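The values are calculated or read from the model by the stated rules, or taken from the named source; none is laboratory data. Just so we're clear, the structure is a prediction, and the values are computed from it rather than from any experiment. Protein only, heavy atoms only, side chains kept; ligands, DNA and RNA dropped before computing areas. Shrake-Rupley method; radii C 1.70, N 1.55, O 1.52, S 1.80 Å.
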Amino acid sequence: MKPTDRIYIAGHTGMVGSALVRTWQQAGYNDIITRTSTELDLTNQQAVAQFFEQEKPDYVLMAAAKVGGIEANRMALADFFYQNTMMATNTIHQSWKHGVKKLLFLGSSCVYPKFASQPIHESELLQGMLEPTNEAYALAKIAGVKMCSYYRKQFGCNFIAAMPCNLYGYGDRYDAQLSHVIPAMILKMHKAKQEGAKEVTLWGTGTPLREFLFVDDLASACLLLMHSYNDDEWINIGSGTEIAIKDLALMVQHAVGFTGTVTFDPNMPDGTPRKVLDTKKLRALGWEPQVLLSDGLAKTYIDFTTRFTSINH
Ligand SMILES: NC(=O)c1ccc[n+]([C@@H]2O[C@H](COP(=O)([O-])OP(=O)(O)OC[C@H]3O[C@@H](n4cnc5c(N)ncnc54)[C@H](OP(=O)(O)O)[C@@H]3O)[C@@H](O)[C@H]2O)c1
């Protein structure tokens, strides 16, 4: 990739897409093409074809998707499947038709089988049943990952796919229904701090182990992959560090400055006991995460208070 190349970053308003834009700009790339979903609906085949014809990007980073938690998925199985399949299919197909030199498609650790061996190696994909609550989303994402491989095999396209672990950081979504674990904790503890509440109760036992990566570290891994990874097999991106949910809660509490007590409700579901990616393949390329969880949480909380000043005051 040269600084003068045209790079289409799909999903630039999202947490991941905005981190990709920041990272590519910092790396000196100035010809970055972006479109909101209103300007270009990636589920619309004709519009996507027209866009590629007009803009002729050299490289494509695919970070657009319909994303949501368990409840959002449950309420809209068809939407999650249809929209994510269409976005992936249109973007990958038009990238081939218009001679895109390289494309990166983002999958997710949640597309691996529910009972995959831990840490989850890349070879675990499609080796078992999916988590039923996000099956529609996972199947659509797996289609995108495999499409990259099929277009490589049939047409020789240099299309790669990556599987990030749970991400957090700048630009995350704060919504009681839709948020992932870290923004959900921040939201709850911030509200408790503001209201002077003495206690916050979180779901489950607090014992499950999870892995988190600051979104700018994800973007730096993507930059490395775009420069030096050209294999058919998808590649995991994770911090490689596991933390129990109850220890994470203490760290979030510290970042937020909530002085009350954090308790857990063991009557609520825990989810899978352990979920961590095997990231040996990525580390062999020389990548290391730069942001410690404690620092990342502090940055995330500042971003939260800056963006939601009405909540802050
Ligand atoms: N967040 C995580 O923890 C995580 C973990 C692993 C993998 N990932 C992957 O990373 C990618 C991005 O996730 P995110 O957290 O950044 O999601 P996000 O914050 O919800 O952003 C989604 C982006 O997709 C765009 N989009 C949605 N529907 C579209 C459509 N029909 N046409 C065009 N653009 C559309 C949105 O554009 P508008 O705002 O303009 O509507 C937005 O920019 C996803 O593929 C996800 O699977 C995320």
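With the full set of protein chains in place, find how many percent of the accessible area of the range 116-237 is carbon and sulfur; take the probe as 1.4 Å.
54 percent
Could you grab the relative contact order for the chain? Cα pairs under 8 Å, six or more apart, rounded to a whole percent.
With pairs under 8 Å counted, the relative contact order is 19 percent.
Judged by the gyration tensor of its Cα atoms, with axes a ≥ b ≥ c, the range 125-277 is prolate; a/c meets the 1.5 cut and a/b is the larger of a/b and b/c. Computed with a 1.4 Å probe over protein heavy atoms only, the accessible surface of the chain comes to 46 Å² per residue.
Pairwise Cα distances in the range 118-183 exceed 19 Å in 51 percent of cases.
Relative contact order of the range 136-276: 35 percent, from C-alpha pairs under 8 Å at least 6 residues apart in sequence.
As a ratio to 2.2 N^0.38 Å, the alpha-carbon radius of gyration computed for the chain takes the value 1.00.
For the range 165-205, the normalised intensity computed at q = 0.14, 0.17, 0.29 Å⁻¹ comes to -0.34, -0.49, -1.06 (log10 of I(q)/I(0), Debye sum over alpha carbons, equal scatterers, no solvent).
Cα convex hull of the range 3-45: how many Å³ per residue? Walk me through the numbers before you get to the answer.
On the way: hull volume 2.7 nm³, N = 43.
Taking the convex hull of the Cα positions in the range 3-45, it is 62 Å³ per residue.
Each stretch of four or more DSSP H residues adds -39500 (n - 2.57); spread over every residue of the chain, this sum gives -13500 deg cm²/dmol at 222 nm.
Compute the Cα gyration tensor for the range 37-166, then decide on rounded, prolate or oblate, letting a ≥ b ≥ c be the square roots of its eigenvalues: rounded whenever a/c is under 1.5, prolate when a/b is larger than b/c in the other cases, and oblate in all that remain.
Working: a/c = 2.46, a/b = 1.40, b/c = 1.75.
Oblate.
For the range 78-148, what class follows from the C-alpha gyration tensor (a ≥ b ≥ c being the square roots of its eigenvalues): rounded when a/c is under 1.5, otherwise prolate if a/b is larger than b/c, else oblate? Display every interim value, and only then the final one.
Numbers: a/c = 3.40, a/b = 1.59, b/c = 2.14.
Oblate, since a/c reaches 1.5 and b/c is not below a/b.
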